[in-house]
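The values are calculated or read from the model by the stated rules, or taken from the named source; none is laboratory data. All of these numbers come straight from a predicted model, not from anything done at the bench. Backbone-built Cβ (ideal geometry, glycine too); neighbour counts: all protein chains shown. What goes into the accessible areas is simple: the full protein's heavy atoms, side chains included, and nothing from ligands, DNA or RNA. Shrake-Rupley method; radii C 1.70, N 1.55, O 1.52, S 1.80 Å.
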Amino acid sequence: KGTESVESFHKRLGKIMWDKCGMARNAQGLQEAILEIRELRKQFWTNVRIPGEVNEMNTELDKAGRVADFMELGELMCVDALNRNESGGGHFREESQTEEGEAKRNDDDYSYVSAWKMTGMDEWELNKEPLEFEIVKPTQRSYK
């Protein structure tokens, strides 16, 4: 019985993710995004409006459940990106670049798959699954 639609929360979350956890990102933006998502989640649970009746099919309630999940996923994406202080794959960490402005890898410290576990509200635990490269070895890319 709040005053804001599910869609408004979805759009606000999307803007946070686009602005601060997109293809190019930095530590400050990621830290801000985590705090903003946590605040948005608090607002969601106290002020979301879901029209409809209890005993009828309610697609808005279904959407609200997905948006609640997206908030946790968005926070986790920011937590993981903040933890991974390198430029890898298609994501560019502004603090991790070569002198020519290319993405700079850090395979010595980040050759693992991140498997995160939520241990409490706003608390995450990282479990690392090491990657071993036997045939194809990771290399620094250059687009020049």
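Within the range 1-46, count every residue that is in contact with a helix residue (DSSP H, G or I) (Cβ under 9 Å, 6 or more places away or on another chain) and among the hydroxyl-bearing types (Ser, Thr, Tyr).
Selection size over the range 1-46: 2.
Identify the single condition in (1) out of contact with any Gly (no Cβ under 8 Å at 6 or more places or on another chain); (2) within 17 Å of VAL6 (Cβ to Cβ); (3) among the charged types (D, E, K, R); (4) open to solvent by 70 Å² or more (accessible area, probe 1.4 Å) that ARG49 does not satisfy, given that it satisfies every other one.
Result: ARG49 passes all but (1).
Check LEU35 against each of (1) more than 30 Å from ALA103 (Cα to Cα); (2) within 22 Å of the chain's Cα centre (by Cα); (3) open to solvent by 70 Å² or more (accessible area, probe 1.4 Å); (4) aliphatic (A, V, I, L, M) and name the one condition it does not meet.
In the conditions (1) more than 30 Å from ALA103 (Cα to Cα); (2) within 22 Å of the chain's Cα centre (by Cα); (3) open to solvent by 70 Å² or more (accessible area, probe 1.4 Å); (4) aliphatic (A, V, I, L, M), LEU35 misses (1) alone.
Going through the range 89-117 one residue at a time, which ones are open to solvent by 70 Å² or more (accessible area, probe 1.4 Å) and closer than 30 Å to ALA68 by Cα?
Of everything in the range 89-117, those that are open to solvent by 70 Å² or more (accessible area, probe 1.4 Å) and closer than 30 Å to ALA68 by Cα turn out to be HIS91, GLU94, LYS117.
Of the residues that sit in the range 105-144 and are charged (D, E, K, R) and within 21 Å of the chain's Cα centre (by Cα), which one is nearest to GLU72 (Cα to Cα)? It would help to see each step written out before you state the result.
Applying the first criterion (charged (D, E, K, R)) to the range 105-144 yields 105, 107-109, 117, 122-123, 125, 128-129, 132, 134, 137, 141, 144.
Restricting the remaining residues to those that are within 21 Å of the chain's Cα centre (by Cα) gives 105, 109, 117, 122-123, 125, 128-129.
Numbers: ARG105: 27, ASP109: 26, LYS117: 11, ASP122: 9, GLU123: 11, GLU125: 14, LYS128: 20, GLU129: 22 Å.
By that ranking, first place goes to ASP122.
Got a number for residues in the range 90-128 being among the aromatic types (Phe, Trp, Tyr), at pLDDT 90 or above and assigned to a strand (DSSP E or B)? Steps first, please.
Narrowing the range 90-128 to residues among the aromatic types (Phe, Trp, Tyr): 92, 110, 112, 116, 124.
Keeping just the survivors that are at pLDDT 90 or above gives 110, 112, 116, 124.
Filter again for assigned to a strand (DSSP E or B), leaving 112, 116, 124.
Total satisfying the criteria: 3.
Which pairs have Cβ atoms under 7 Å, sit 6 or more apart or on different chains, and link a residue in the range 78-95 that is without any contact (Cβ under 8 Å) to a residue 24 or more places away in the chain to one that is open to solvent by 20 Å² or more (accessible area, probe 1.4 Å) and of a type in the set (D, E, K, R)?
Taking only residues 6 or more apart or on different chains, the pairs are SER87/LYS104; SER87/ARG105; GLY88/ARG105.
Take the residues in the range 52-80 that are open to solvent by 20 Å² or more (accessible area, probe 1.4 Å) and in contact with a Leu (Cβ under 7 Å, 6 or more places away or on another chain); name whichever of them is farthest from GLY14 (Cα to Cα). Working first, answer last.
Step one: of the range 52-80, the residues open to solvent by 20 Å² or more (accessible area, probe 1.4 Å) are 52-63, 65-66, 69-70, 72-73, 76-77, 79-80.
With in contact with a Leu (Cβ under 7 Å, 6 or more places away or on another chain) added as a condition, the list becomes 52, 70.
On the way: GLY52: 25, PHE70: 9 Å.
By that ranking, first place goes to GLY52.
Identify all residues within the range 20-43 that are of a type in the set (Gly, Ala, Ser) and out of contact with any Phe, Trp or Tyr (no Cβ under 6 Å at 6 or more places or on another chain); write none if there are none. Can you show your working first?
From the range 20-43, those of a type in the set (Gly, Ala, Ser) are 22, 24, 27, 29, 33; that's our starting set.
Hits for the range 20-43 are GLY22, ALA27, GLY29, ALA33.
What are the residue pairs meeting all of these: first residue in the range 5-17, first residue under 22 Å from GLN31 (Cβ atoms), second residue β-branched (Val, Ile, Thr) and not in a strand (DSSP E or B), Cβ atoms under 8 Å, and 6 or more apart or on different chains?
PHE9/VAL67; LEU13/ILE37; LEU13/VAL67; ILE16/ILE37
Tell me the residue from GLY22, GLY2 that is part of a loop (DSSP other than H, G, I, E, B), under 30 Å from ARG141 (Cβ atoms), open to solvent by less than 40 Å² (accessible area, probe 1.4 Å) and not charged (D, E, K, R), please. I'd like the intermediate steps shown before the answer.
Details: GLY2 fails: under 30 Å from ARG141 (Cβ atoms).
So the residue among GLY22, GLY2 that is part of a loop (DSSP other than H, G, I, E, B), under 30 Å from ARG141 (Cβ atoms), open to solvent by less than 40 Å² (accessible area, probe 1.4 Å) and not charged (D, E, K, R) is GLY22.
Would the range 69-89 turn up any residue that is over 24 Å from ALA27 (Cβ atoms) and modelled with pLDDT of 90 or more? I'd like the intermediate steps shown before the answer.
Initially, the range 69-89 is screened for residues over 24 Å from ALA27 (Cβ atoms), giving 69.
This time we only want the ones that are modelled with pLDDT of 90 or more, so: 69.
Taking every residue of the range 69-89 in turn, at least one turns out to be over 24 Å from ALA27 (Cβ atoms) and modelled with pLDDT of 90 or more.
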